[in-house]
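Since every read-out is calculated from the coordinates, none of them should be taken as a lab result. Being a predicted model, the structure only gives us computed values, none of them experimental. When we count neighbours, we look across all protein chains shown, and the Cβ atoms used for this are built from the backbone with ideal geometry, even at glycine.
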Amino acid sequence: MSFTHPQLIALRLSLILSVIVIILLHTPTMPTSTAMPLAASSDCFNENFTDSNLNTAWAWIDPLGGSLYNLSANPGSLRIHALSGNRDLATFNKNAPRIMRSITGDFDIQTKLTIDPTEIYQSAGLLVWVDDSNFVWIGRSVSNVIAHNYVRGNSNTGLNPSERSYNNTTVYFRIVRQAATFWTYYSEDGMSWTMTGSIGYSSVPNTISAGLFLINNWQDNPLQADFDYIRSNCAARTVYLPVINKPAPVALMGKVVFAIAYIDATPLNDINAHQEEFIAGLRSASTWHGYADPDRRPSLGYATYGGSVIQLNEGPPHRSDTGQFDYAAVYRRFDLCTKIQQGVVDEVWIWESGTGNAWEWVTNGPNWSWTWGANVPMCSRTVTTMNLNYQREIDVAYESYSHRLEGAFMTHYPCDFYTNTWPWINWPSQCSGRVSDQFGYVARPFVGNNFVAVCGDAHHPPNILDDREYIYDDTRSVQSICKDWQWDGSGQVSTFNCTEWGCTHRGFHIWWMQNLPGYGNNNRDRNGNLMPNWWEVLFQ
């Protein structure tokens, strides 16, 4: 089939309009935030349920008996299982099985759970317990809703499940205490939060209890929920809590990613859900200091070409000469160079089960390339192709993206990114006399910088003082200028440990990216001038 020149123009306009619609449809909303100072608490914890036994700080409460908890059915999660009904958390029935522990002072507790309730009065979530007559919970309930219940003086003051529609089976919950007031929140990604309400009490003891619950109060059908973690930050700090939904600030760079999945194994994770969660996380990650103010403008917002991942029931292609992933075959099959040259595709993501024998990322373009000898085509624009594993937790995808950023900044900003003598020493020759153990972005504490870190790297958070890798939950406190990185020496030193990023793999990578010079940054270079937005070099 051939097209006339007007037909080609019309076709290209149609593709561009389609992509604009996709971007609009897939632009998430970000809530406004309010600053809330929280006093220090003597209780901080980060329970990931990785041990074979429940930590002794937790108490298992099962008023009726017959319910179970299990740490081995879904390794790395706590499963609570109610075999029968009549288990609720209300004024007239407080029989829900739960795990609880004491917590003192102001707090910000969060959890992630998965549940698929099918009957009325089934729910699971996060609970704060003042006493038998005063408690607060928020949960994922039947009919795809978020419910919360505020009990004060043994009277329900805030049961309101009908106004919080929520379709996913996995959800994040958060309860914040400030003195005698509690706020409840839920989230799809653990980063952008929606408030469901708040309740104040005349007085609350300094030490109360918090934990996880499962409600099964109607039928005798069994119900279970899996909790990934529960954590609390004990440091005195200010949190920024969302209060009203409003349109998200438009990302500085809107990019369209062409996404393909090669399905040669039964996926352990929903591929489109992984895709959307990854996109949402990168939007947050590209928001400079987004952990302090989530309403700042992100540098990068992705949309998926065509609205979803193209899923192929076949294995990934391999080169006949090397056995490595055949990038050229993918580009030919989907005519990607044409789409890239037309400006309707900016990046390529390939989801596979780990059988691709591919690099985590390759970049090829007219201005810079990093391909490790892969046969990825050069399509006249700088394009990165990422290989991601749908069998792994989404945290691993963020780590791959951090490596992609490392490669870009090693290329474009090596003298600011590397250190001089440790831990990153293979800097290019043009950086001689310019790299610094004190100010290089990846610096970690050692005698050469008086034990004041910057931000560390993808495998080493800034509180890791040796060569151990992948330790994202170390509670060692260190001094660092990461949150006020200034090459002119004016940065303020702060002291923190892994609770700064939630002591999680994904949390660290998002935090690490949020400290990179992004849109609206106040980072100063060695001459005292504002640094450019580093994210822009990804596509230059």
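Nearest 500 deg cm²/dmol is fine: what mean residue ellipticity at 222 nm does the chain get from its DSSP H runs of n ≥ 4 alone, each adding -39,500 (n - 2.57), divided by its residue count?
-5000 deg cm²/dmol
Once you charge only the Cβ atoms, +1 for Lys and Arg and -1 for Asp and Glu, what is the size of the charge dipole of the stretch 449-508 about its Cα centre, to the nearest 20 debye?
For this selection, approximately 140 debye.
At 7 Å along Cα-to-Cβ for each site, give me the label-to-label distance between ARG526 and ASP335 in nm.
5.0 nm
Report the full-extension gain for the segment GLU536 to ASP220: residue separation times 0.36 nm, less the Cα-Cα distance, to one decimal in nm.
Once the chain is fully extended between GLU536 and ASP220, it gains 108.1 nm.
State, to one decimal in nm, how far the label point of ILE310 lies from the label point of ASP295, with both points 7 Å from Cα in the Cβ direction.
Reported label-point gap for ILE310 and ASP295 is 4.1 nm.
Tell me, ARG319, ARG444, ARG283 in order of fewest to most beta-carbon neighbours within 10 Å?
With the fewest neighbours first, ARG319, ARG444, ARG283 line up as ARG319, ARG283, ARG444.
I want to verify the translational diffusion coefficient of the stretch 406-540 in µm²/s; compute it with Stokes-Einstein, Rh as the Kirkwood radius over Cα pairs, at 4 °C and 1.567 mPa s.
Translational diffusion coefficient: 87 µm²/s.
Can you pull the Rg over Rh of the stretch 473-540, Cα-only, Kirkwood?
1.02
Using the alpha carbons of the chain, what is the convex hull volume per residue in cubic angstrom, as a whole number?
In the chain, the Cα convex hull volume per residue is 172 Å³.
Work out the FRET efficiency for SER165 and SER432 from their Cβ-Cβ distance, taking R0 = 56 Å, and round it to the nearest 0.05.
0.40
Gain in length, ASN53 to ASP132, computed as 0.36 nm per residue apart minus the alpha-carbon separation, to one decimal in nm?
Here the segment from ASN53 to ASP132 would lengthen by 25.7 nm.
Once Lys and Arg get +1 and Asp and Glu get -1 on their Cβ, which of SER155, ALA82, TYR166 lies farthest toward the positive end of the dipole of the stretch 67-168?
ALA82
With a Förster radius of 41 Å, plug the Cβ-Cβ distance of ILE120 and GLU393 into 1/(1 + (r/R0)^6) and report the FRET value to the nearest 0.05.
With a Förster radius of 41 Å, E is 0.80.
In the stretch 38-246, how does Rg compare with the Kirkwood Rh, expressed as the Rg/Rh ratio over alpha carbon atoms?
0.93
Quick one: ASP457, ASP473, ASP51, ASP295, fewest Cβ neighbours within 10 Å first, how do they rank?
ASP51, ASP295, ASP473, ASP457
Run the dipole for the chain about the Cα centre, Lys and Arg Cβ at +1, Asp and Glu Cβ at -1, nothing else charged, and hand back the magnitude in debye, nearest 20.
960 debye
Give me the extension gain from ALA328 to VAL250: residue separation times 0.36 nm, minus the current Cα-Cα distance, reported in nm with one decimal.
Length difference between fully extended and current span is 24.7 nm.
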